[in-house]
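The next block holds one structure in the form of structure tokens; read it before the comments.
Nothing in this text is a laboratory measurement; each read-out follows from the coordinates by a stated rule. The shown structure was predicted, so the numbers you read here are calculated from the model rather than taken from an experiment. No Cβ is skipped: glycine too gets one built from the backbone with ideal geometry, and neighbour counts run over all protein chains shown.
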Amino acid sequence: MAEIVRMPKMSDTMTEGVMAKWHKKVGDKVKSGDVMAEVETDKATMDLESYWDGTVLYIGVEEGKAVPVDAVIAVIGKEGEDYKAALAAEEGAAAAPVTETKPVEEKKEESAPSAATGPSEADLTKMGVTVVRMPLLSDTMTEGVIAEWHKKVGDKVKEDDILADVETDKATMEVMGYAEGTLLHIGVEKGQAAKVNGIIAIVGPEGTDISGILSQGDAPAKPAVTEDKKSDAPVAEKAAEPQEEAPASSGGGERLKASPLAKRIAKDKGIDLAQVAGSADGGRIIKKDIENFKPAAASAKAESSSAPAAEKAAPVIPQYVGEERFTEKPVSQMRKVIAKRLAESLFTAPHFYLNISIDMDNAMTARTAINAVAPVKVSFNDIIIKAVAVALKQHPAVNSSWRGDKIRFNEHTNIGVAMAVEDGLLVPVVRFADGKSLSHISAEVKEYGQKAKAKKLQPSDWEGSTFTVSNLGMFGIDEFTSIINSPDGAILSVGAIQQVPVVKNGAVVPGNVMKLSLGCDHRVVDGATGAAFLQTLKGLLEEPIRLLV
């Protein structure tokens, strides 16, 4: 009988796995214990073994694809055996809940067309009709108030004509229709508010039937200005002071009128509006005037201007146009779990932090003496792990965890050591650290580091911590705070050893100081409890000989 191979749950936090590599293909013989594939979990890449003898009849997951725990990934059976019935049974079981919700989905699909009545965008284009909606004029805007209408129903509208002034939550802006034709409809009276994308006006050929358009309702929100087409932005901010409406003036003091779009294009091209002749009503400068402007054609006007005005002409600032670029890649299994676990910890456990400075002069001297005789090189982090474990034995409340209806006080000291790897962070555990020598701790941490980089850590390596140490001192970080590695009740953040002036015996002398920050879960560790632990840890690090007693 064909056997279904499912994605196994390889750690307590695993919800899905990525098929890193297949070692077998369809038609290959397998025996119980053979490695069929490598699976990337949230913490390591692990071997997937077969529990059956037979032939690989089916592989359902390609390399590099992620599947949830318990999903079917392969079928093993006798050569030539029909396995499709077994797969069909699995698919039928998985599809059963979907069939229950199908009527609801069909109902939604049936009701959808009723909400989409009215002509489409293509139909409107053929009709020559432009629907003017309340634009999104700022990132916080939800509605706008019509401050003033500059056109009324029946008026002829040109492409650059301003239809209305709109008050937003930040400024008063001008709205243009960007259409040629007749103003057929005004949807919002002066002084009234309209939601973003609500219909405020319709422009098109005179006599056009707009009843179908009005029944269509609002469309999805679109920003008024886009990165790709800034020159087509339908709005421009209107200055608050009336005397600032004209951005430039002629040599004789005459104020110039220009549309917001014309102003923007002129600024981008470095064109002085005083040299441009307007073709709209009242000599107003519009888009086509800027586009058709030639410096040679304006020479006569420039010559007629006075010398002082020429001297005061604003300098042309060169424009720099950058390109926004980015790359994206799928979130790895490890990063998904890091995000989930740390968010749960930070927003569930009430964190508070205690900071302390340690005089490391004696520790530096002790480390030099230790490394002169130790079989492996001992680091400052190894000394800190040992000191933390000894201090926890004296302060069991810090070596505890919140369990909902109870608090667990751990009598053993398993120290999690945070390690940075390519995809994120792993926390292998040095078990019973209080009873191990510095050389033993050093060798164990180095072995964990090698396995972590090779993604060969096993669940037994990272489970069961009672306290965590995170050290960024080797990266030159002076001090920082960490998120607690749940279910631990506390975490220690270790900074770099700095050479700073210190006061000893009333004199300022050079010193070596290291800053520690203890992050505590206030549900199990109080401020005084955490402070007492740090005082004990400070004494052990400042007099390392006490670690040997």
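Residues in segment 443-448 carry Karplus couplings, in order, of 5, 5, 5, 5, 5, 4 Hz; the curve used is 6.51 cos²θ - 1.76 cosθ + 1.60 with θ = phi - 60°, and Gly or Pro positions show x. Listed peptides 319-325, 502-508 appear in the order 502-508, 319-325 once ranked by packing, highest mean of other Cβ atoms within 10 Å at the front.
Among the listed pairs 393/453; 29/329; 25/329; 24/329; 393/515, give every one whose C-alpha distance is greater than 25 Å.
Values: 393/453 31 Å; 29/329 36 Å; 25/329 28 Å; 24/329 28 Å; 393/515 22 Å.
Checking Cα-Cα distances, 393/453; 29/329; 25/329; 24/329 exceed 25 Å.
As a ratio to 2.2 N^0.38 Å, the alpha-carbon radius of gyration computed for segment 335-468 takes the value 1.15. Approximating the spin labels as points 7 Å out from Cα along Cα→Cβ, the residue 422-to-residue 339 distance works out to 2.0 nm.
In segment 421-487, the C-alpha radius of gyration followed by the widest Cα-Cα span (Dmax) gives 12.7, 33 angstrom.
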